[in-house]
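The values are calculated or read from the model by the stated rules, or taken from the named source; none is laboratory data. All of these numbers come straight from a predicted model, not from anything done at the bench. Backbone-built Cβ (ideal geometry, glycine too); neighbour counts: all protein chains shown. For accessibility, only protein heavy atoms count, side chains too; no ligands or nucleic acids. Shrake-Rupley method; radii C 1.70, N 1.55, O 1.52, S 1.80 Å.
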Amino acid sequence: MKLANISQLDDLVEFYKSVIEAVNKTGVRLGWDIESYPNRSFIESSIKRGEMVIEIEGGKIIACAVINDRMNDEYNEVPWSVSDGACTIHALATAPSNRGDGTSDAFLKDVENYCLTLGYNTIHLDVIDSNYPAYNMCPVHLWQTKINHFCRIQFFQINFCSRPILCLYPE
């Protein structure tokens, strides 16, 4: 996993287009549209701020996410057990051709480790309720469900212990 650079902007726009097209053929309704979110402007600004991380295999982007400490407005209503020192994962996606092959799990583990290196002690993530692959992946990674209050959005949180070795634990 590495930070995306501006020379990869077109590839990232195409990556998200392919993800959106593939997802729209399933029962999952992310609410994503390349014209609104995650659009070119969002992707470009995320790259420029050093917040877009990607995984490349065989010269192609196979996973990406935006990591920062900004939260969507509805996050303020969630009863997080930890909110100070937390980061949020946005626009987490895996290439359609890599679904089911372990890429998502490996990438999420890399993201968790990267967040630790940035000094975050907690990660927040929201998942649309019809996104069963992502929804089911969170408990495997010991992410805890915080609330299922907002229509169709499930919120997850993971806390890290302070040992030098990565230690994940559910509350």
- Message: Six or more apart or on different chains, Cβ atoms under 8 Å: show the pairs whose first residue is in region 5-20 and more than 11 Å from residue 38 (Cα to Cα) and whose second is modelled with pLDDT of 95 or more and among the aliphatic types (A, V, I, L, M).
- Response: 5/47; 6/47; 8/47; 8/54; 8/61; 9/43; 9/47; 11/61
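Could you tell me which residue of region 102-144 is nearest to the chain's Cα centre (by Cα), considering only residues that are of a type in the set (D, E, K, R) and modelled with pLDDT under 75?
Selected residue: 126.
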- Write out, first by first residue and then by second, each pair whose Cβ atoms fall under 8 Å of each other, whose residues are 6+ apart or on separate chains, and whose first residue, in region 55-78, is of a type in the set (Phe, Trp, Tyr) while the second is open to solvent by less than 10 Å² (accessible area, probe 1.4 Å). 75/88; 75/124; 75/155
- Taking strands (runs of 3 or more DSSP E) that do not extend beyond region 1-106, which have at least 2 residues that are open to solvent by 40 Å² or more (accessible area, probe 1.4 Å)? 52-57
